[in-house]
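The values are calculated or read from the model by the stated rules, or taken from the named source; none is laboratory data. Bear in mind the structure is a predicted one, so any value in this text is a computation, not a measurement. Ideal geometry is used to build each Cβ from the backbone, glycine not excepted, and the neighbour counts take in all protein chains shown.
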Number of protein chains: 2
Amino acid sequence: MPDSKSSTTERALPPSFASVFALLKTHMARLDVYLREQLAAFEPEIRDLADYCIDTSGKRIRPSLVFLGGWTGDADAERGPSAELVRVAAVVELVHLATLVHDDIMDGALVRRNRSTAAREYGPEASVLLGDALFSHALKLSTQFPTTEVCAAVADSMKKVCAGEIVQTLRRGSANISHADYRRIIDLKTAELFRLSCFLGARLAGGAPEFVAAAAEFGRRLGVAYQIYDDLADFFGDEHRIGKTLGTDLASGKITLPLLVLLDRLSAGGANGAGGRSELLAEILHEREPQPALRLRQMAELGVFPAVADAVEDELRAAEQELAPHADQSAAALLGRLCEVLRGQVGGLRPAEAS
Amino acid sequence: MPDSKSSTTERALPPSFASVFALLKTHMARLDVYLREQLAAFEPEIRDLADYCIDTSGKRIRPSLVFLGGWTGDADAERGPSAELVRVAAVVELVHLATLVHDDIMDGALVRRNRSTAAREYGPEASVLLGDALFSHALKLSTQFPTTEVCAAVADSMKKVCAGEIVQTLRRGSANISHADYRRIIDLKTAELFRLSCFLGARLAGGAPEFVAAAAEFGRRLGVAYQIYDDLADFFGDEHRIGKTLGTDLASGKITLPLLVLLDRLSAGGANGAGGRSELLAEILHEREPQPALRLRQMAELGVFPAVADAVEDELRAAEQELAPHADQSAAALLGRLCEVLRGQVGGLRPAEAS
């Protein structure tokens, strides 16, 4: 799953997020109606399965990026979105839902957003195909524009998202993963859809080419920041989850930035005696309770939290820089507020509890 | 997998097929070059996986339908296909390969066309995503046409193929499956891509609307005939496979026409005493060796082979009827020869060996 590791890591939005999304009330309601209407386009036998996936409990971050990227002014809040923006918001959400369905199969996840996953509810076999059907429908909707531009952009992003997930899967449990590998994986698996959402929103709203390009790059940077934040929260989020999540992460062999930074620090400090970085990672990947608690304590002691939080901040600043030349645009102002929101979320994590 | 149940059921083409496909030598060579070129468009990490799937040992029936549907005359054999036909032939083949990759995961198949399946070679997780990447690339190629027509048609067909596979998966092992259910499943999972292939071939070659519609419907009928033939061959094909395949079929709970006809005959003859049709099917689905041999003997005794062969023939005649008003077209003549080819393949099966 592109933006979090299990349903338990899907955190409630802080009030600041809500303030941005309050503007999108009409937009989201239209999207919801539109997504429900799409169910009629599925074969009767799989309508229930598709319905199950198109639930309303998700954060709908990607559609929000479409709507904010296509924002033209205050009047938009009341007027609501154009039919084209709604359609493209549905496209990115359906692609995202399809990747979630496939991810849950791979992770063997049973619960997402407090409900059984499709894989558990209908079996992994039907879920593979359900994901395919959601993908296909997203692409079909993306052909309902005057040109092939939207469809081409969506197909291209889908391919990148898949590539990112494949690389992550192939590297799982491998002790040879670098910072560059991690960046590449999150760039493909998470940032690409954020980028696409901002790009299509700005593009369909008729933005100037320079702004469209800046919005797209903003989206990419925001996506990288969001994923790093999410990976950080897996170690330093709600205290009830900490040990468990760390164990889950290591057991699944997913290597994220907090662990990479820990490795750097342990290697630099010689904490593992003569062992090299790869040997140390291999050791960590094979250890079981109560070692995760030890690793978490080490993370706190060796300053992993601030280092990873800094990495989020670097991306957020780069994202803001992209929009700086377009400060006069309503869309730029609103998108920029998302950086503040994410900053607040990082601040809300509790590094102290790990010590 | 849409057109056969395991690699062992992929039969060699008879000489008659070869005579039609000999015309397509240049076309197939161009397709092969084009498919190889596509590998560069995949992220480096998944290029090998994609390469593994784009092998040349398949029959490439769907690309053939594209080329034959777009046939304009004898000169085509030497001149070769237009760039658009090659692209769309690659699209239908990639969609087909993607469904094979996903099907092999679901069936737990280890071997296809005498090689390990992608699922076995790279693991089911990476294979889910590899299938997605192949789908995405197919759709991306389908956006490289002047209008959205091709992409829309491909996305729509993909959704239908997935729906067919989902229905088949959900119904697996269910004793409540009717002839109508079976027809609907093969119409979606197999006939739809045959239809799309003929449609796009005829359309891109600039065929008249009536011919394009007829070619599409021909493709659909041929696809139904092909799948029924393939299901028949699973019971009455090469003798070394018979018992094993019957067992495999029943074990996987896939219910195909030969079994449905057997049920009809057993029910009508009261061979199962007082038990109803559903009870009988449930019984068959739960029995193990040596019962499959018994069922096969019953099939031979109760005339299942000719009944199913007749069903193939009905579809082939309907397919030929579609093309009858267009007998002056080169494409119609060539497509029509495929019916003769399939007829010959049905004739080549050996019902006697089952008794």
Q: Just need a number here: residues in region B:65-83 that are closer than 25 Å to B:GLU322 by Cα and modelled with pLDDT of 95 or more.
A: 8
Q | Per-region count, region B:176-226, residues outside any helix (DSSP H, G or I) and either in contact with a Pro (Cβ under 8 Å, 6 or more places away or on another chain) or on the phi > 0 side of the Ramachandran plot (or both) | A | 1
Q: Just name the residue that is nearest to B:SER197 (Cα to Cα) out of those in region B:142-157 that are among the hydrophobic types (A, V, I, L, M, F, W, C), in contact (Cβ under 8 Å) with a residue 40 or more places away in the chain and surrounded by fewer than 23 Cβ atoms within 10 Å (Cβ to Cβ).
A: B:ALA153
Q | So B:GLU125, is it under 29 Å from A:THR169 (Cα atoms) and surrounded by fewer than 24 Cβ atoms within 10 Å (Cβ to Cβ) | A | yes
Q: For region B:162-172, enumerate the residues that are more than 7 Å from chain A (Cβ to nearest Cβ) and in a helix (DSSP H, G or I).
A: B:GLY164, B:GLN168, B:ARG171
(Q) Let me confirm something: among A:CYS162, A:CYS198, which residue is within 17 Å of A:LEU139 (Cα to Cα), over 12 Å from the mean Cα position of the chain (by Cα) and surrounded by 24 or more Cβ atoms within 10 Å (Cβ to Cβ)? (A) A:CYS162
**Q.** Residue that is surrounded by the most Cβ atoms within 10 Å (Cβ to Cβ) [pool: residues in region B:321-336 that are in contact (Cβ under 8 Å) with a residue 60 or more places away in the chain and not small (Gly, Ala, Ser)]
**A.** B:LEU335
Q: Would you kindly identify the helices (runs of 4 or more DSSP H) lying entirely within region B:58-161 that contain at least 1 residues that are within 26 Å of A:ALA41 (Cα to Cα), facing chain A (nearest Cβ under 9 Å) and of a type in the set (Gly, Ala, Ser)?
A: B:83-107, B:124-141
Q | Unmet criterion (only one of (1) surrounded by fewer than 19 Cβ atoms within 10 Å (Cβ to Cβ); (2) part of a helix (DSSP H, G or I)) for A:MET299 | A | (1)
